[in-house]
Amino acid sequence: MLGWSINLFRVRGIQLSLHVTFLLLLAYWAYQGYHDGGLAGAFWSTALILAIFTCVVLHELGHSLTARRFGVGVRRILLMPIGGMAEFDSIPRQPSRELLITIAGPAVNFALAAVLWLVVDRSSGLPDNALPASLGELGWCLFYWNIYMGLFNLAPVFPMDGGRILRAFLAIKLPYVRATFWAVTIGKVLAVIAAATALYFDRYLLAALFAFIFLAGEAEYRGLLRRESQDAQWRLMMERLQTVTPTPPAAEPPPLQEPPLLK
């Protein structure tokens, strides 16, 4: 399913890809904008969703560029209707490194919100019908979206940023696998509560997001257990190879000597 994507371009050597279902989201927003405000509404609605996902890309670049400073490879950033996802080759097990990589994403959102607060015309305010009709209103929408995005990602629902921060703190005192287990368990409980609440208020996309987060957390934990099992098998194999005592080579027979000549 994640393979249904279109490669767009590279940013600092990191591939940016677009999942094909994102085009459905874009079409839906354009239709809603047209339904509410004609061609102008379709334009501003599309501009808003593209601007929001530009902030999502910057959020993921915050994670990715920080990870690369610690030698972590970044395969790509994938944009989906429910958000963005940076695909790393590995996650550092050092709590301090994982913490820095994780907080870099929300930090980008809060920095963007601070810049927008300084540069956006404050007389514009938020639009009345949730769709902007000017650059000022678009700027205010992005200001609040970045605040929301930064705070939302700090929720302790693994593998969201808040869940990874929780895992990093737990890993200070607990073994890495055990810390992951507790972070995933807490995240799954909160994801179920959040999805049920979203369904109650008819927020189906939000419910789908938390369902995806639930499955992603479980998949990452199972992948970690699988790698731990494989590493343990390799260590056991190497220990067995090292404990095998090599058979010493057979001693060579002494060379035959000719008898001395009779004199």
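The values are calculated or read from the model by the stated rules, or taken from the named source; none is laboratory data. Fair warning: this is a prediction, and the values are worked out from it, not measured in the lab. With ideal geometry, Cβ positions are generated from the backbone for all residues, glycine too; neighbour counts draw on all protein chains shown.
Yes or no: E87 within 28 Å of K188 (Cα to Cα), buried (at least 20 other Cβ atoms within 10 Å of the Cβ) and of a type in the set (D, E, K, R)?
no
Could you check L205 against (1) without any contact (Cβ under 8 Å) to a residue 12 or more places away in the chain; (2) not assigned by TED's automatic domain parsing to the domain that holds G83 and say which number it fails?
(1)
Looking at (1) at pLDDT below 95; (2) assigned to a helix (DSSP H, G or I); (3) among the polar types (S, T, N, Q), which one does N129 not meet, given that it meets all the others?
If we test N129 against (1) at pLDDT below 95; (2) assigned to a helix (DSSP H, G or I); (3) among the polar types (S, T, N, Q), just (2) comes out false.
Take A67 and tell me if it is touching a helix residue (DSSP H, G or I) at 6+ places or on another chain (Cβ under 8 Å), assigned by TED's automatic domain parsing to the domain that holds D89 and farther than 25 Å from A133 by Cβ.
It is true that A67 is touching a helix residue (DSSP H, G or I) at 6+ places or on another chain (Cβ under 8 Å), assigned by TED's automatic domain parsing to the domain that holds D89 and farther than 25 Å from A133 by Cβ.
I'd like to check something: does region 33-42 contain any residue that is surrounded by fewer than 18 Cβ atoms within 10 Å (Cβ to Cβ) and touching a strand residue (DSSP E or B) at 6+ places or on another chain (Cβ under 9 Å)?
So far as region 33-42 goes, no, none of its residues is surrounded by fewer than 18 Cβ atoms within 10 Å (Cβ to Cβ) and touching a strand residue (DSSP E or B) at 6+ places or on another chain (Cβ under 9 Å).
Here are the criteria: (1) modelled with pLDDT of 90 or more; (2) surrounded by 18 or more Cβ atoms within 10 Å (Cβ to Cβ); (3) assigned to a helix (DSSP H, G or I). Tell me which single one F110 does not satisfy.
Result: F110 passes all but (2).
Are there any pairs with C-beta distances below 8 angstrom linking a residue in region 83-97 that is outside any loop (DSSP other than H, G, I, E, B) to a residue that is surrounded by 17 or more Cβ atoms within 10 Å (Cβ to Cβ) and of a type in the set (F, W, Y), with the two at least 6 apart or on different chains, and if so which?
So the pair list comes out as G84/F53.
Within region 151-168, can you find the residues that are in a helix (DSSP H, G or I) and out of contact with any Pro (no Cβ under 7 Å at 6 or more places or on another chain)?
L151, F152, R164, I165, R167 - these are the residues of region 151-168 that are in a helix (DSSP H, G or I) and out of contact with any Pro (no Cβ under 7 Å at 6 or more places or on another chain).
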